[in-house]
Amino acid sequence: MSANLTLKELPMEDWMAHLPSTLWDIPLCNLAIPGRTHNPVITLLYVVSLTQQVVTFNPDWQEHGIQQQLDCGVRYCDLRIAHRPTDNSNDLYFYHGVYTTVTVETVLTEIRAWLDTHPREVVILSFSHFLGLNQELHMLLITAIRAAFATKLCPKTPVTLRNLWAMGYQVIVSYEHKLASGQNDLWAHIPYWWANKCKAEALIQEFEQRKQHGRPGGFFVTGINLTEDLKYICSHPTESLKDLVTSTYPALLAWVREQSPGSKVGSLNIIAGDFISESQFVPSVVALNEKLLNDKILNGAS
């Protein structure tokens, strides 16, 4: 990294590879890492609940392609898995109120292909919810994960960039199910702070209160994703979730830029949002790691 280059100016497709060596030995759970949340589709969910119909859609991160999301700097993905009730195959999809049209296996293959061309980048994949999955489908999914990532799959161990690069590990898989407890290559559930608010001010207030009680140990996610409630939908019938999010991003990003990574009370780790490719969200999160650099300089000077 050039001495004159700030972290916000790093090439986001390879920002981990370009971090200064001072940060290579800091645990990943103490770095600021940008993430992509699920795509809340409360409007569609409300329609589905009334019609009892199965609807398929491609959320924002899939419309742009998972590889494009990784190119823009995303290193955490919230993956909610489902098996369609009328599907006789073993195909699995992503789900949040409605089903995607792209299969899980397809996306895993795309992530692996991207990692092959970015050997110093690390992704954290959180698998959860598992709608309609029996034990057989769980085992097929776990087998697919292992087949896709093979030796890139990181076992449960303290992780820093230097150690991960040395071992060739690039994927940390969190699997929110009891089957993960006995598997060394499947990490436990990663806590997710979700405020369930439709206004930026209320979301910020919720997170400030949580920060006072201290951060969880290990990885954890702060989701700055806003949620449309029924009152908001009815009072803004022509607005989409994207309209809501983009209109509040100035306030949300201003709050993000005030945060600090690390192990102290009030520190954040993974910060996840929606529609992030159309904002300065990712560079703003990556730039928070400059505060760790400044702490090291001050501590070294003392």
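Read the figures in this text as sums done on the coordinates, not as results from a lab. Just so you know, these numbers come straight off a predicted model, no measurement behind them. Methodologically, a virtual Cβ is constructed for each residue, glycine included, from the backbone with ideal geometry; neighbour enumeration extends over all protein chains shown.
Here are the numbers for this structure:
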{"read-out": "Convex hull per residue volume in Å³, alpha carbons only, for region 80-129", "value": "80 Å³"}
{"read-out": "Sites residue 101 and residue 257, calculated FRET efficiency, Cβ-Cβ separation with R0 41 Å, nearest 0.05", "value": "0.70"}
{"read-out": "Distant-in-sequence amide H partners of residue 221 (H built 1.01 Å from N, under 5 Å)", "value": "192, 193"}
{"read-out": "Under 15 Å from the residue 131 label point (7 Å along Cα→beta-carbon), backbone N, region 66-88", "value": "79-87"}
{"read-out": "Whole-number Å³ per residue for the convex hull built on Cα positions in region 82-241", "value": "162 Å³"}
{"read-out": "Selection from 175, 115, 151, by position along the positive dipole direction of region 106-237 (Cβ)", "value": "151"}
{"read-out": "Distance violations [Cα-Cα > 28 Å] among 178/199; 152/264; 156/264; 152/178; 156/211", "value": "178/199; 152/264"}
{"read-out": "HN-Hα J in Hz across region 15-31 - Karplus 6.51, -1.76, 1.60, θ = phi - 60°, x for Gly and Pro", "value": "5, 5, 4, 9, 5, x, 4, 4, 9, 5, 9, 7, x, 4, 6, 10, 8"}
{"read-out": "Nonlocal amide H pairs with residue 33, under 5 Å, H built at 1.01 Å", "value": "270, 271"}
{"read-out": "FRET efficiency, 1/(1 + (r/R0)^6) with R0 30 Å, evaluated for residue 156 and residue 264 via beta carbons", "value": "0.80"}
